[in-house]
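To start, the structure itself, in structure tokens.
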Amino acid sequence: MELFRKIAVFFYDALQTLLLIAAVFLVLYIFIIQVHEVSGLSMYPTFNNRDYLLSYLLPVRFDDLKKGDIVEFKSPVEQDKLYIKRIMALPGDRVKVQDGSVYLNGTKLDESAYLQSDVLTYGGASFQDRLEQVVPQGTVVVMGDNRPNSSDSRAWGFLDKSKLVGKSVARIWPFSFIQNPFK
């Protein structure tokens, strides 16, 4: 009978430990950090199709984002999809696309850290060439790093901050490419 009691106590303790681990994981996943898969090549060469990213949720919830941050968000055109893009402008900024470049508050952006020198940025339906716009409160401007092949703010306009899901902090898959591309 003593052996049975010891086995029961062991399984009871193991079950408690597993439930505690599951609860901690669930809280972390819901409120702090998630894994998202890149679908498509709109962020190439920064990310490839089917890369997995670790996303930190708190900067979005506490409005702690800055220009250059890479974020995941609910697509404004396909409600069931998540998009990943780079924040180019925040509320109150003046943004313009002109001569193949992005201008922020009257200054041409230096995008050499993530764009190759031959990549040109052209306007679209919402951000026409040479038309400067002020980013409204509660919105941001986002663009993909693969500008010729990216559905972004140039096509569908300002992104409402309520659609933001998380800020990418690291690529975790494939293993051979584990790195922090957000220097």
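Scanning the stretch 123-148 for residues that are touching a strand residue (DSSP E or B) at 6+ places or on another chain (Cβ under 9 Å) and among the polar types (S, T, N, Q) gives S126, Q128, Q133, T139.
Scanning the stretch 67-83 for residues that are farther than 20 Å from D110 by Cα, open to solvent by less than 20 Å² (accessible area, probe 1.4 Å) and within 10 Å of the chain's Cα centre (by Cα) yields a total of 2.
Put simply, of V165, V169 the only residue that is open to solvent by 20 Å² or more (accessible area, probe 1.4 Å), in a strand (DSSP E or B) and under 17 Å from D51 (Cα atoms) is V169. Within the set Q116, Q34, Q98, Q16, the sole residue that is over 15 Å from the mean Cα position of the chain (by Cα) and open to solvent by less than 50 Å² (accessible area, probe 1.4 Å) turns out to be Q98.
When the residues of the stretch 141-162 are filtered to those that are hydroxyl-bearing (S, T, Y) and open to solvent by 30 Å² or more (accessible area, probe 1.4 Å), which remaining residue is farthest from S75 (Cα to Cα)? The extreme case among them is S162.
Within the stretch 123-140, at least one residue is touching a Gly at 6+ places or on another chain (Cβ under 8 Å), outside any loop (DSSP other than H, G, I, E, B) and surrounded by fewer than 14 Cβ atoms within 10 Å (Cβ to Cβ). Scanning the stretch 84-95 for residues being surrounded by 22 or more Cβ atoms within 10 Å (Cβ to Cβ) and either under 17 Å from S168 (Cβ atoms) or hydroxyl-bearing (S, T, Y) (or both) gives a total of 4. Inspection of the stretch 84-107 finds no residue satisfying the criterion of being at pLDDT below 95, within 28 Å of E37 (Cβ to Cβ) and among the hydrophobic types (A, V, I, L, M, F, W, C). Residues that are closer than 13 Å to M88 by Cα and not in a helix (DSSP H, G or I) within the stretch 141-162 comprise V141, V142, M143, G144, D145, D152, G157, F158, L159, listed in sequence order. Take the stretch 37-66 and flag every residue that is farther than 17 Å from R147 by Cα, open to solvent by 80 Å² or more (accessible area, probe 1.4 Å) and assigned to a loop (DSSP other than H, G, I, E, B). If the condition is that a residue be farther than 17 Å from R147 by Cα, open to solvent by 80 Å² or more (accessible area, probe 1.4 Å) and assigned to a loop (DSSP other than H, G, I, E, B), then R50, F62, D63, D64, K66 are the ones that fit.
The values are calculated or read from the model by the stated rules, or taken from the named source; none is laboratory data. Since the structure is predicted, the reported quantities are computational estimates derived from the model, not experimental observations. Neighbour counts run over all protein chains shown; Cβ positions are idealised from the backbone, glycine included. The protein model used for the area step is the full one, side chains on, heavy atoms only, and it has no ligands, DNA or RNA in it. Shrake-Rupley method; radii C 1.70, N 1.55, O 1.52, S 1.80 Å.
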